[in-house]
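The next block holds one structure in the form of structure tokens; read it before the comments.
Just so it is clear, none of the values below were taken in a lab; they were calculated from the coordinates. Being a predicted model, the structure only gives us computed values, none of them experimental. We place every Cβ from the backbone using ideal geometry, glycine too, and count neighbours over all the protein chains shown.
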Amino acid sequence: MAYFDHAATSPMPAAVIDAWTSAVHLRGNASAIHRDGQKSRLLWEEGRDQLSAAIGANPFDVTLTGSGTEAINLAIKGLFWGRNGTPAEREPGAALPRPRVLTTEAEHHAALDTVHWLAQAEGAIVEFVRVDETGTVDLADLAAKLGDDVALVTTLWTNNEVGTIQPVAEIVALASAAGVPVHLDAVATLGYTAIDFANSGLAALSVSAHKVGGPVGVGALAVSRDWSIIPLIHGGSQQRLRSGSLDAAGVFAAGLAAQIATSAIDTKAARLSALRDRLATGILAAVPGATLRGHATNRSPGNVHVTIPGLNSASALFLLDEAGHSVSAGSACTAGVHAPSHVLRAMDVADDEGALRFTLGLENSESDIDALLRILPSIVARTTT
Amino acid sequence: MKVLAAMSGGVDSAVAAARAVEAGHDVTGVHLALSRMPGLFRSGSRGCCTVEDSLDARKAAGLLGIPFYVWDFSAQFTEAVVDDFVSEYAAGRTPNPCMRCNERIKFAALLDRALELGFDAVVTGHYANVVDGPDGTPELHRASAWAKDQSYVLGVLTTEQLRHALFPLGDTPSKDLVRAEAERRGLGVANKPDSHDICFIPEGDTRDWLADRIPMTEGDIVDTDGAVIGHHDGAQAFTVGQRKGLNLGVPSADGRPRFVLQVKPATNEVVVGPKEDLDIAEIGGARFSWAGNDPVTSGFAAATDDGFDEFDCEVQIRAHADPEPAVAFQRDGEIIVRPNEPLNGVATGQTAVLYVGTRVIGQFTIDRTISATANVH
């Protein structure tokens, strides 16, 4: 009985639950003048400090949002408007100075749907930089597509499905040379790979608290002061880039969760990598036809993603669930149905390959992995045609 | 038993699942995704197949405390039901997609998957009863509530399928009681409207929907003597028995309404005539199945070299038609039924279900009809 879906959401540590539930008892609005408000404000600030420290950012440069998705929307739309002016600022019918947005076809829908919205609503020109069969950005293609008329580059740091880690330094170096800001979706990176935003050369970076044991409903966007971002949500100006009452308890808990997730990150990553390799090796040895997707070495310490020709993922996931193992097919779903993964398609994987994604956390043990490996081959055999 | 409850999001399947739980079964809920691009909102009289319905099913399962999954059968449904529906109309026949869905999806693709995954049976919210016959072979019977009886659309089920089917609503006297039970159980779907349209035709306009899928060309509307009395935009959009939408400018000689008697895709003709020419004296079809024991094993008919001899039964040719007394027999590989009184408005492609009393004996797809008036050929 084990949980192998940490990339969907990760269990909240007891200390975070305590921090969150105790903070909820405060009654003051964190923007209020009185001492009740000041107490709430202090918790919010402490939470933001810890979260900022976890990603190497100056706290004042970090905007707290209602989700990772909101942070990604703010980064992409905000940077696009910062580079092109808002519709209100532009002459009607005037050409956009920097209409092109560079991304890949292997992004999370939070980014893909946002750039598609920009194309439809704002006339952005979305161009997809090639990814190879491991899901890694083709740097030569990126270099060829960069130019003065590019508003921004946005990509995943760590692919949420297949776990591939992008060559971030090289991407930033190429974009910076062309004077183009880069946003990275680091939702699947936080807690697995060290993040040092202030020294990264990035324009913006988004994370989400619940992926590392914080509460759902807290995301964050770090923004470099070198770039202008236009806010999406207007109102009481509680934050420079986002209005809305400050979630003192949620951010306080999120900060603690991020601090826990990133402390001794190298040790944690090494332990997860060992579990990951044990699982991946075990699957490849015991399941005929299984292919490990994503990059062999540049991959998240917590991600094992395999595809098997003819596997019915839904049936396999049911049998795994019945046996007490929470696993995912990795791809986004519509009304609970898994569409063929756009990420796998971008990597030229055939649609008849059924996918299984196992994402690991520190509470997983070697015996969890071995128990999974004992039943997986027969489950795959029963659900493969 | 370990059972899989097919949950559409409607009230019947939710209460059926609840009763299966209460009966002590180990129940898992499953919603069948039948479209890759489901509509977002429930609309009109459709009771399933939208995102909203799927979420209703998920919530009902959650309230029942049973695990719930959405399984994708959209490819199988498209091929076995939607494409079949289109090709049947294109051939001038009138199919019943709900029967095809029961035959090929719910009690085939879904049941097969359920059995593979270790389930003993599939539970649905159909109003019908399965009971063990004298020799232990299952029998399919009409529901206690005649008005809600759905045994007709289950007439395609075979012995093996019936062995693995559970219909917990079969002995419920009325739908109102099912709604009240849903309310009492707090399932949140008590007041959803009944569905009675074809689930994959969201706008409810079958003719428009078909026109987008079948190449139609203008043709003639003719009377039984072959005289051209009007024109149509495509013969395949018409159904035998249809009266509306003929747009015949000229009234009939005797001023009586005219009905579609025959659809002829080969010549792109629609034959119309008076109501009595819809009367059918004999129907036959070679594609048949028995719901449990066949008529001979059941002791209804004597065996012959061709299969079985004439026996008294009732025949029903639509989900909501009355059963008509008839005799049925088998000859040259075909089931032949002669009703005591002529049947009215029979289209090829429809399914004839044979009953003895409340028991469903079997069914066949109507391949051919013989007119009672001999005016239609």
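Using a Förster distance of 56 angstrom, determine the FRET efficiency expected from the C-beta separation of B:Trp146 and A:Ser176, and round it to 0.05. It would help to have the intermediate numbers written out before the result.
Values: r = 77 Å, r/R0 = 1.38.
The formula returns an efficiency of 0.15 here.
Of B:Trp290, B:Ala227, A:Gly244, which is farthest along the charge dipole of the protein assembly as shown in the positive direction, counting Lys and Arg as +1 and Asp and Glu as -1 at C-beta?
A:Gly244
When the dipole is taken about the Cα centre of chain A, and only Lys, Arg (+1) and Asp, Glu (-1) are charged at their Cβ, what size is it in debye, to the nearest 20?
740 debye
Under 12 Å from the Cβ of B:Pro295, count the other residues' Cβ atoms, weight Lys and Arg +1, Asp and Glu -1, and hand me the total.
-3
How large is the helix-only mean residue ellipticity at 222 nm for chain A, computed as the sum of -39500 (n - 2.57) over DSSP H runs with n ≥ 4, divided by its residue count, in deg cm²/dmol to the nearest 500?
-12500 deg cm²/dmol
Using the charge dipole of the protein assembly as shown (Lys, Arg: +1 at Cβ; Asp, Glu: -1 at Cβ; taken about the Cα centre), state which of A:Ala7, B:Ile105, A:Ile229 has its Cα farthest towards the positive end.
Of A:Ala7, B:Ile105, A:Ile229, it is A:Ile229.
Say R0 is 51 Å: what FRET efficiency, to the nearest 0.05, do A:Asp351 and B:Ile370 get from their beta-carbon distance?
Details: r = 49 Å, r/R0 = 0.96.
It comes to 0.55.
With a sphere of radius 11 Å drawn around the Cβ of A:Thr69, what net charge do the other residues whose Cβ falls strictly inside it have (Lys, Arg +1; Asp, Glu -1)?
-3
With springs connecting C-alpha atoms under 10 Å apart, model chain A as a Gaussian network and identify which of A:Ser224, A:Ser208, A:Ser263 has the largest mean-square fluctuation.
Answer for the Gaussian network model of chain A: A:Ser263.
With 10 angstrom as the radius, rank A:Trp227, A:Trp81 by how many other C-beta atoms surround their C-beta, starting from the fewest.
Lowest to highest Cβ neighbour count: A:Trp227, A:Trp81.
With each label point set 7 Å from Cα along the Cα-Cβ vector, what nm distance links A:Ala381 and B:Thr267?
6.2 nm
What is the magnitude of the charge dipole of the stretch B:215-273 about its Cα centre, with +1 placed on the Cβ of each Lys and Arg, -1 on the Cβ of each Asp and Glu, and no other charges, expressed in debye to the nearest 20?
260 debye
Based on Cα coordinates alone, diagonalise the gyration tensor for chain A, multiply each eigenvalue by 5, take square roots, and list the semi-axes in whole Å, largest first.
For chain A, the semi-axes come out at 34, 28, 17 Å.
Which of B:Val327, B:Val189 has the fewest other C-beta atoms within 10 Å, and how do the rest follow up to the most? Working shown, then result.
Numbers: B:Val327 16, B:Val189 25.
Placing the least packed residue first, the sequence is B:Val327, B:Val189.
Where does the charge balance sit around A:Arg48 when Lys and Arg score +1, Asp and Glu -1, over other residues with C-beta under 13 Å from its C-beta?
Neighbourhood net charge equals -2.
Taking chain B as a Gaussian network, where each spring joins two C-alpha atoms under 10 Å apart, which residue of B:Pro215, B:Pro173, B:Pro339 fluctuates the most?
Fluctuation is largest for B:Pro215.
Largest first, please: the extent of the C-alpha atoms of the stretch B:236-346 along each principal axis, to the nearest Å.
Taking the Cα atoms of the stretch B:236-346, the three principal extents are 55, 28, 22 Å.
Could you give the distance between the Cα centres of the stretch A:220-288 and the stretch A:88-165, to the whole Å?
Answer, in whole Å: 22.
Can you give me the distance in nm between label points at A:Arg130 and B:Lys59, each placed 7 Å from the Cα along the Cα-to-Cβ direction?
Each label point lies 7 Å from its Cα, and together they span 4.9 nm.
Taking only Cα atoms and a 10 Å spring cutoff, compute GNM fluctuations for chain B and point out the largest among B:Gly273, B:Gly241, B:Gly299.
Of the options given, B:Gly299 has the highest mean-square fluctuation.
Any idea what the alpha-carbon Rg over 2.2 N^0.38 Å comes to for the protein assembly as shown?
1.17
Starting from the Cα gyration tensor of the stretch A:261-309, take the square roots of the eigenvalues, sort them a ≥ b ≥ c, and report rounded, prolate or oblate (rounded when a/c is under 1.5, otherwise prolate if a/b is larger than b/c, else oblate).
prolate
Could you give me the ³J(HN,Hα) list for the stretch A:221-237, computed from phi with Karplus coefficients 6.51, -1.76, 1.60 and θ = phi - 60°, whole Hz, x at Gly and Pro?
10, 8, 10, 5, 6, 6, 10, 9, 10, 8, x, 9, 10, 10, x, x, 6
Could you tell me which of rounded, prolate or oblate describes chain B, using a ≥ b ≥ c as the square roots of the eigenvalues of the alpha-carbon gyration tensor, with rounded for a/c under 1.5 and, failing that, prolate when a/b is larger than b/c and oblate otherwise?
oblate
Translational diffusion coefficient, Stokes-Einstein: compute it for the stretch A:248-385 using the Kirkwood radius over C-alpha pairs as Rh, at 10 °C and 1.306 mPa s, and state it as an integer in µm² s⁻¹. Could you put the intermediate results ahead of the total?
Numbers: Rh = 16.1 Å.
In µm²/s, the coefficient rounds to 98.
Any number yet on Rg/Rh for the stretch A:158-316, C-alpha, Kirkwood?
Radius of gyration over Kirkwood radius for the stretch A:158-316 works out to 1.04.
Using r as the Cβ-Cβ distance of B:Glu218 and B:Lys244, and R0 as 25 Å, what FRET efficiency do you calculate, to the nearest 0.05?
About 0.85, to the nearest 0.05.
Cut-off 13 Å, label point 7 angstrom out along Cα-to-Cβ of B:Thr304: give me the residues of the stretch B:334-354 whose amide nitrogen falls inside.
Label zone hits: B:334-338.
For the stretch B:232-244, in order, what is each residue's ³J(HN,Hα) by Karplus, 6.51 cos²θ - 1.76 cosθ + 1.60 with θ = phi - 60°, in whole Hz (x at glycine and Pro)?
Whole-Hz 3J(HN,Hα) from phi for the stretch B:232-244: 10, 8, x, 4, 5, 7, 9, 10, 4, x, 5, 10, 7.
Dipole size in debye (nearest 20) for the protein assembly as shown around its Cα centre, Lys and Arg Cβ +1, Asp and Glu Cβ -1?
Numbers: 60 positive and 93 negative charges, 535 e Å.
Roughly 2560 debye, rounded to the nearest 20.
From the phi angles alone, apply the Karplus equation (6.51, -1.76, 1.60; θ = phi - 60°) to the stretch B:106-115 and give each ³J(HN,Hα) in whole Hz, x where the residue is Gly or Pro.
3J(HN,Hα) across the stretch B:106-115, in whole Hz: 5, 10, 10, 4, 5, 4, 4, 5, 4, 5.
Can you give me the angle between helix B:175-184 and the longest principal axis of chain B, using Cα atoms only, in degrees from 0 to 90, rounded to the nearest 10?
Relative to chain B, helix B:175-184 is tipped by roughly 30 degrees.
So, in nm, how far is label B:Arg287 from label B:Asp254 when the simple model puts each one 7 Å beyond its Cα toward the Cβ?
The answer from the label model is 3.6 nm.
Say the cut-off is 31 Å between C-alpha atoms; which of A:Lys77/B:Lys59; A:Lys211/B:Lys59; A:Lys211/B:Lys2; B:Lys59/B:Lys148; A:Lys145/A:Lys268 go over it?
Result: A:Lys77/B:Lys59; A:Lys211/B:Lys2; A:Lys145/A:Lys268 exceed 31 Å.
With the dipole of the stretch A:101-192 worked out from charges on the C-beta (+1 for Lys and Arg, -1 for Asp and Glu) around the Cα centre, which of A:Leu190, A:Thr155, A:Gln166 lies farthest toward the positive end?
Working it through, the farthest residue towards the positive pole turns out to be A:Leu190.
Going by a ≥ b ≥ c, the root eigenvalues of the Cα gyration tensor, does the stretch B:2-184 fall in the rounded group (a/c under 1.5), the prolate group (a/b larger than b/c) or the oblate group?
Values: a/c = 1.36, a/b = 1.09, b/c = 1.24.
Because its axes are fairly even, with a/c under 1.5, the stretch B:2-184 counts as rounded.
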